[in-house]
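Participant: Mind having a look at this structure? Questions to follow.
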Amino acid sequence: MTGRYERVRRVIDAIADVLRTCTLEGGATAEAAQRTLDRLATTVLTPGAFADLPPQSPGRHRTLLNEAIEHMQAPGLLALQKAVREAVDDLVWAEDQMKYYAPDADVGAGYRDGNLHTLLIGPGACGFTHADFTLGLFLLHPRTLYRDHAHAAPETYLNLSPRSGWRFGEGDWRDLGPGSLVFNAPMAPHATRSYAQPFFSVFSWLEDIRDPCVVLPRDDWTEIERALPHL
């Protein structure tokens with residue numbers, strides 16, 4: 001277990017290092033980054049607290065996950081890239097089978113068929129259990145719209161991909177680059193889209209993690225999804 005604990009712990013420590021130097025976007029502030037760091041600082045990350053769950057392969061997502069890791073070429077992400085690459089087979093990878101939504105939520109086929117995540121910290125995490133804080137890695141397939149939604153949990157996204165699209169509330173779409181931090185306040189509407197490359201990020205729910213996500217219908221989803229192959 002020691003080697004596996006050390007590899008997973010290095011991923012978490014590398015995430016913390018990036019949070020200290022990230023670019024703030026989408027309403028993010030230094031306080032938002034610090035809140036995530038504060039949650040990490042108060043989480044028990046000792047070998048005795050390591051969950052050591054059996055690893056779960058990314059399965060059909062393996063090629064895209066490897067591609068996403070290889071695209072972490074920004075200078076500030078190289079240490080995290082190395083840590084993720086070394087720990088990738090130690091983690092429990094899973095698709096969101098409507099765990100975070102009501103069963104009938106209109107998340108769209110793109111998200112339903114094209115998402116993958118692993119929890120490093122949180123309930124049932126493969127790293128360290130926490131009742132009201134999550135930290136993990138999230139993958140979205142290329143040319144996919146993660147439709148507008150909101151949730152009670154305040155959320156940070158640390159973008160690892162060269163390019164990803166974001167919409168906050170009623171605002172226009174904005175493209176963000178690697179090393180940028182997004183903060184979504186409780187119940188603040190937001191959407192994400194990926195382009196030719198998969199979207200890869202660190203995500204964190206800081207508290208109130210038990211309440212499900214709520215999809216917020218918009219009348220341009222079909223138009224956006226049709227346009228993605230050309231963006």
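The values are calculated or read from the model by the stated rules, or taken from the named source; none is laboratory data. None of the values given here were measured: they were computed from a predicted structure. Neighbour counts are summed over all protein chains in view; Cβ atoms, including those assigned to glycine, are modelled from backbone coordinates with ideal geometry. What goes into the accessible areas is simple: the full protein's heavy atoms, side chains included, and nothing from ligands, DNA or RNA. Shrake-Rupley method; radii C 1.70, N 1.55, O 1.52, S 1.80 Å.
Participant: Please verify whether LEU145 is at pLDDT 95 or above and touching a helix residue (DSSP H, G or I) at 6+ places or on another chain (Cβ under 9 Å), treating the condition exactly as stated.
Facilitator: Working: at pLDDT 95 or above: yes; touching a helix residue (DSSP H, G or I) at 6+ places or on another chain (Cβ under 9 Å): yes.
Answer is yes for this residue.
Participant: Which members of the stretch 99-119 meet the condition of being under 21 Å from PRO198 (Cα atoms) and either assigned to a strand (DSSP E or B) or touching a helix residue (DSSP H, G or I) at 6+ places or on another chain (Cβ under 8 Å) (or both)?
Facilitator: Result: GLY108, GLY110, ASN115, LEU116, HIS117, THR118, LEU119.
Participant: With the checklist (1) open to solvent by less than 50 Å² (accessible area, probe 1.4 Å); (2) over 17 Å from the mean Cα position of the chain (by Cα) in hand, flag the one item THR63 doesn't pass.
Facilitator: (1)
Participant: Same structure again: Looking for whichever is of a type outside the set (Phe, Trp, Tyr), touching a residue at least 40 places away in the same chain (Cβ under 8 Å), open to solvent by 10 Å² or more (accessible area, probe 1.4 Å) and more than 28 Å from PRO54 (Cβ to Cβ) here; the options are PRO162, PRO154. Which one fits?
Facilitator: Numbers: PRO154 fails: open to solvent by 10 Å² or more (accessible area, probe 1.4 Å).
That would be PRO162, the only listed residue that is of a type outside the set (Phe, Trp, Tyr), touching a residue at least 40 places away in the same chain (Cβ under 8 Å), open to solvent by 10 Å² or more (accessible area, probe 1.4 Å) and more than 28 Å from PRO54 (Cβ to Cβ).
Participant: Same structure, new question: Filter the stretch 46-60 down to the residues that are open to solvent by 20 Å² or more (accessible area, probe 1.4 Å) and touching a residue at least 12 places away in the same chain (Cβ under 8 Å) and list them by number.
Facilitator: Kept after step one, since they are open to solvent by 20 Å² or more (accessible area, probe 1.4 Å), are these residues of the stretch 46-60: 46-49, 51-57, 59-60.
Listed by number, the residues that qualify are PRO47, ALA49, ALA51, ASP52, LEU53, PRO54, PRO55, GLN56, SER57, GLY59.
Participant: Would you confirm whether any residue within the stretch 197-213 is more than 27 Å from PHE50 (Cα to Cα), at pLDDT 95 or above and not in a strand (DSSP E or B)?
Facilitator: yes
Participant: May I pose another question? May I ask you to say which residue of ASP89, ASP17, ASP96, ASP38 is surrounded by fewer than 17 Cβ atoms within 10 Å (Cβ to Cβ) and in a loop (DSSP other than H, G, I, E, B)?
Facilitator: Details: ASP89 fails: in a loop (DSSP other than H, G, I, E, B); ASP17 fails: in a loop (DSSP other than H, G, I, E, B); ASP38 fails: in a loop (DSSP other than H, G, I, E, B).
None of the others qualify; the one that does is ASP96.
Participant: Name, by its number, the condition in (1) over 18 Å from LEU160 (Cβ atoms); (2) among the charged types (D, E, K, R); (3) exposed (fewer than 14 other Cβ atoms within 10 Å of the Cβ) that does not hold for GLU70.
Facilitator: (1)
Participant: I need the full set of residues from the stretch 66-86 which are in a helix (DSSP H, G or I), over 15 Å from the mean Cα position of the chain (by Cα) and over 15 Å from ASP13 (Cα atoms), in order please.
Facilitator: Scanning the stretch 66-86 gives ASN66, GLU67, GLU70, PRO75.
Participant: Within the stretch 103-129, how many residues turn out to be aliphatic (A, V, I, L, M), open to solvent by 20 Å² or more (accessible area, probe 1.4 Å) and farther than 29 Å from LEU228 by Cβ?
Facilitator: 0
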